[in-house]
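**Student:** Can you read through this structure? Questions will come right after.
The values are calculated or read from the model by the stated rules, or taken from the named source; none is laboratory data. Quick caveat, the model's predicted, so the values are computed rather than measured. Glycine also receives a Cβ, built like all others from the backbone with ideal geometry; neighbour counts cover every protein chain displayed.
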């Protein structure tokens, strides 16, 4: 039995994308405006955003040129060097703190903050800190880090509607992304958390398009990074596997798996008594805000056109279970067929 055949039984295969024809999800609906935050936080958002955007812009400038200096060295020096600077790290840690001082903000604000401070930024900073300590960092890992910067800039535009209105509008028209783009970004990637190096692999039997425009890609990224960040944090063997396969003509199933540490397994059993779908209700957390997976469920619901959260969970559009000492979390996302609008 192949990996995907085994994972086929996690959820029904007759699930459907229920949005009206030609009304594909555009990635909208999960962002907030800057005026929901205090001014000092807004300034921090702008600094971090300019940093991640600048890193990717430099990569675009130099990637097609013949260079006297090794390509990866230029990226380390000019594109990614800023992420290891103490001032930048302090800016990241402080994002949202001033707004929270006024009281716990509404859920939509907390959801945006969760992804601004997490998303692709966690892996990007892990890379930069490792590089600053003189640890061995391959050229491939450096190139992947630049893609993380691109992803996080896109996530920030998706989470804060008016952070960069012009570029956000462009996101709504940039071409579709394929599974090959996902594999190139994730398969073989090193995901650093503190002193740990988590190896990410991708097993994909689907080779089609996964999103229509960058605005939708940002929403998918928010869901996928939330799952990978959780898996990397709790993996017992420093490995995370992403599996993606088409379950029918309409949907791709994404499964993110990691080996469980015994204490985490115990906590899950104690908290949910075997029903891990409750994770997607939010509120369960070990050091976070308990909002990441519930936000993922809402975004998947929007993409698939299933507005009722109970139905979403009961039908297993999203879910999680422990199987053979592995934690498996999954979600579905509609296939994008050429010609679809």
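**Student:** For residues that are under 25 Å from residue 14 (Cα atoms) and without any contact (Cβ under 8 Å) to a residue 60 or more places away in the chain, scanning just segment 207-240, find the one that is surrounded by the most Cβ atoms within 10 Å (Cβ to Cβ).
**Tutor:** Taking the candidates together, the pick is 224.
**Student:** Another one. Looking at (1) surrounded by fewer than 20 Cβ atoms within 10 Å (Cβ to Cβ); (2) modelled with pLDDT under 95; (3) assigned to a loop (DSSP other than H, G, I, E, B); (4) touching a helix residue (DSSP H, G or I) at 6+ places or on another chain (Cβ under 8 Å), which one does residue 162 not meet, given that it meets all the others?
**Tutor:** Every listed condition holds for residue 162 apart from (2).
**Student:** Of the residues 142, 99, only one is in contact (Cβ under 8 Å) with a residue 24 or more places away in the chain and within 24 Å of residue 187 (Cβ to Cβ); which?
**Tutor:** On the way: 99 fails: within 24 Å of residue 187 (Cβ to Cβ).
The conditions single out 142.
**Student:** Output the residues belonging to segment 253-266 that are surrounded by 15 or more Cβ atoms within 10 Å (Cβ to Cβ) and out of contact with any helix residue (DSSP H, G or I) (no Cβ under 8 Å at 6 or more places or on another chain).
**Tutor:** 259, 265
**Student:** Show me the strands (runs of 3 or more DSSP E) entirely contained within segment 226-328 in which 2 or more residues are farther than 24 Å from residue 119 by Cβ and over 21 Å from the mean Cα position of the chain (by Cα).
**Tutor:** 318-323
**Student:** Let me ask you something else. Name the helices (runs of 4 or more DSSP H) wholly inside segment 1-95 in which the number of residues that are at pLDDT 95 or above and either touching a strand residue (DSSP E or B) at 6+ places or on another chain (Cβ under 7 Å) or more than 27 Å from residue 201 (Cα to Cα) (or both) is 2 or more.
**Tutor:** Filter on segment 1-95 gives 39-62.
**Student:** Shifting gears a bit: Working only within segment 192-211, note down all residues that are assigned to a strand (DSSP E or B), in contact with a strand residue (DSSP E or B) (Cβ under 8 Å, 6 or more places away or on another chain) and more than 17 Å from residue 331 (Cα to Cα).
**Tutor:** Result: 192, 196, 197, 198, 199, 200, 201.
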